[in-house]
Each structure stands twice: as structure tokens, then as C-alpha cells.
Amino acid sequence: MKYVLILIALGICIALIIPSTASISSKEQVIEEDSQYQSITKEEIIQLTDEFMRLLVQETDQDYQVLEFNDKESLINAFGVVTTETIAREYVNFYFYEENGGLYIVATETPPWFNKQNDYDVIQLEHNKVLVKQENQSELYGDFEIEMEFTFANQEWKITNITHH
């Protein structure tokens, strides 16, 4: 009889312990899922925005012919390290034209852009997507806001949307 009572007590203890360990492991799973959120660093934001602008502002000769690239497609491909083809194509088509077998830059101002010296907000949109918002001011554009969406895919961040207000 004594053994039966001990076995019942052990059974009750085990029954109480199993649900609590199950809830612990589900909490651990939630934490693991939350840790899969990718956060972008200040250095990554600066590197991507600087490289984007470096590609957009090409060195040219006196006739505005681009020295490093011969056509729009090669420049669009170069943008692939920092942004999507859609965004690259939009900016390249606006700021460059092809003529007589060469690539030329349109003589105009650069777009209102991210200023690494100014404060900005980073908003987590999804587990692999953030929005960087920054308010700036320039002589040419006055007060403006730039919003850039960064997406983490294939182990790297890329600019996936740009909006100027």
C-alpha cells in the first residue's frame, strides 16, 4: 500500500512537471522566433546609402560621358549590391541616357538624400524588413523627409524602397 501511494504521488508530480516544462519550451520557442528579427546597424545603413550615392554620382568627362560604365545595364547591375533592379532601373533611367554607344549623366542635382550626420528613426516592419526615416533640410530642397525600406535576404541588406516627401 505504501508503494502504491508513493507511485500515485510520483505520478501527480510528473503530471504537474510536464505541462510546466512544455510551457517553458514554448516560451523558449517564442524567444527564438523573436531573435530571428534582423536588425540593421548604423554602419550598414551608412555603407548602403553611401554606395548608392557613389554609384549614382558617376565621374564623367567634359561632355558628361560616364567613365566607368558604357551602358545603363552595366550600371544597373552594379547597383545590385545595394538595391533591387527595380529601384536601380528607376534611378538610372532618370539620371542617365545612352547616346552614340556611351552612357551620359543628365546634368541635374542629386535627389534629396540620407545625411549620415543627422538623426534618423529605424522602424521594424517585418522580421527581415526595416524602415529608416529621416527629416533633413537643404538649400535646394528645403525641408524634406526621406524614407528607405531595407530588406534582409540572402544574408545581406538591400535598399528595397525609397520615398521622398
Do we find a residue being touching a helix residue (DSSP H, G or I) at 6+ places or on another chain (Cβ under 9 Å), farther than 22 Å from residue 80 by Cβ and surrounded by 11 or more Cβ atoms within 10 Å (Cβ to Cβ) anywhere in the stretch 153-161?
no
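Please tell me if residue 137 is under 29 Å from residue 38 (Cα atoms), open to solvent by 70 Å² or more (accessible area, probe 1.4 Å) and either outside any helix (DSSP H, G or I) or touching a Ser or Thr at 6+ places or on another chain (Cβ under 6 Å) (or both). Steps first, please.
Numbers: under 29 Å from residue 38 (Cα atoms): no; open to solvent by 70 Å² or more (accessible area, probe 1.4 Å): yes; either outside any helix (DSSP H, G or I) or touching a Ser or Thr at 6+ places or on another chain (Cβ under 6 Å) (or both): yes.
In short, no.
Quick check on this structure: which one of 85, 59 is touching a Leu at 6+ places or on another chain (Cβ under 7 Å) and without any contact (Cβ under 8 Å) to a residue 40 or more places away in the chain?
Exactly one residue qualifies, and that residue is 59.
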Single residue of the stretch 58-81 satisfying the filter (open to solvent by 40 Å² or more (accessible area, probe 1.4 Å) and aliphatic (A, V, I, L, M)) that is farthest from residue 104 (Cα to Cα):
81
Does residue 55 satisfy the criteria of being assigned to a strand (DSSP E or B), in contact with a helix residue (DSSP H, G or I) (Cβ under 8 Å, 6 or more places away or on another chain) and either open to solvent by less than 40 Å² (accessible area, probe 1.4 Å) or modelled with pLDDT under 95 (or both)?
no
Screening 150, 144 for residues that are within 21 Å of residue 38 (Cβ to Cβ), aromatic (Phe, Trp, Tyr) and in a strand (DSSP E or B) leaves only 150
When residues of the stretch 98-120 are limited to those that are free of Cβ contacts under 8 Å to residues at least 12 places away in the same chain and farther than 24 Å from residue 147 by Cβ, the one farthest from the chain's Cα centre (by Cα)
100
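The values are calculated or read from the model by the stated rules, or taken from the named source; none is laboratory data. The structure displayed is predicted, hence computed values, not measured ones. No Cβ is skipped: glycine too gets one built from the backbone with ideal geometry, and neighbour counts run over all protein chains shown. Accessible surface is based on the protein model in full, side chains and every heavy atom, while ligands, DNA and RNA are left aside. Shrake-Rupley method; radii C 1.70, N 1.55, O 1.52, S 1.80 Å.
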